[in-house]
1. Which entries of Lys103/Lys140; Lys10/Lys68; Lys2/Lys48; Lys109/Lys134 show an alpha-carbon separation above 20 angstrom in the structure shown?
2. For region 1-75, state which GluC sites (Glu not before Pro) are in a DSSP loop and have at most 11 other beta carbons lying within 10 Å of their beta carbon.
3. May I ask you to give the solvent-accessible area per residue for the chain, in square angstrom, as obtained with a 1.4 angstrom probe?
4. Of the accessible area of the chain, with the probe set at 1.4 angstrom, what percent is carbon plus sulfur?
5. What do you reckon, how do Met1, Met133 stack up by accessible area (1.4 Å probe), largest on top?
6. Rank these residues by their accessible area, most exposed first, probe 1.4 Å: Arg79, Arg112, Arg18.
7. How much accessible surface area, in Å² rounded to 10, belongs to the heavy atoms of Lys68 with a 1.4 Å probe?
8. So, taking all protein chains as they sit and a 1.4 Å probe, how much accessible area belongs to Lys48, in Å² rounded to tens?
Amino acid sequence: MKLQAEIGEKLHQIEVTRNDESVSAIIDGLSYDAEVSEPEPHVYLIKKDGKIFEAYVSPTDGPDQPKKVTINGHEIEIRIFDPKRLRGFAGVGEYDDGLAEIKTAMPGKVVRILLETGAAVEKGDGVLVVEAMKMQNELKSSKAGTVKEIKVAEGDTVSAGDVLALIE
């Protein structure tokens, strides 16, 4: 599974493979192997090179929310992204009635606006393109309707969770 993790202002490329209790990970090009177990919910034991690390991952309200991870008493905030999800309907609030918000799941730059305010849109139509980690991600409408508002301009820098457009 390929993921991206944001810690502070830095994005990391991660590829994880799991076989029973063994986990292999490539993080920013460096390989790591460890044994990982979850003895109780949200608590992970990581065994590497004869050492055991305990990690507690605080529960969150949603998958796009940052996770607070405490490892041996040190707390860090991590936001995990699935790049495949970014290419489709990522960050799009799906509502049949009312407004649908198109949000970005990662910080990036708006490189292209595909539709103008007032334009008719079908479910699955691209609305705008955001570049994050040198990848261009087309953000699509989750419903048919009309573009009510484009809240950004080409060249704008956006943060994770920003509402970029509204569809009604």
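The values are calculated or read from the model by the stated rules, or taken from the named source; none is laboratory data. This is a predicted model, so every value here is computed, not measured. All Cβ positions, even for glycine, are placed from backbone atoms using ideal geometry, and neighbour counts span all protein chains on display. Ligands, DNA and RNA are excluded from the accessible area calculation, which covers all protein heavy atoms including side chains. Shrake-Rupley method; radii C 1.70, N 1.55, O 1.52, S 1.80 Å.
1. On the way: Lys103/Lys140 10 Å; Lys10/Lys68 16 Å; Lys2/Lys48 22 Å; Lys109/Lys134 10 Å.
Where the Cα-Cα span goes over 20 Å, the pairs concerned are Lys2/Lys48.
2. Details: sites: Glu6, Glu9, Glu15, Glu21, Glu35, Glu54, Glu75; in loops: Glu9, Glu21.
Listed in order of number, the matching sites are Glu9.
3. Values: 10190 Å² over 168 residues.
Normalised by residue count, the accessible surface of the chain is 61 Å².
4. Details: 4930 of 10190 Å².
Of all accessible area on the chain, carbon and sulfur atoms account for 48 percent.
5. Accessible-area ranking of Met1, Met133, largest first: Met1, Met133.
6. Putting Arg79, Arg112, Arg18 in descending order of accessible area: Arg18, Arg112, Arg79.
7. 90
8. The accessible area of Lys48 comes to roughly 60 Å².
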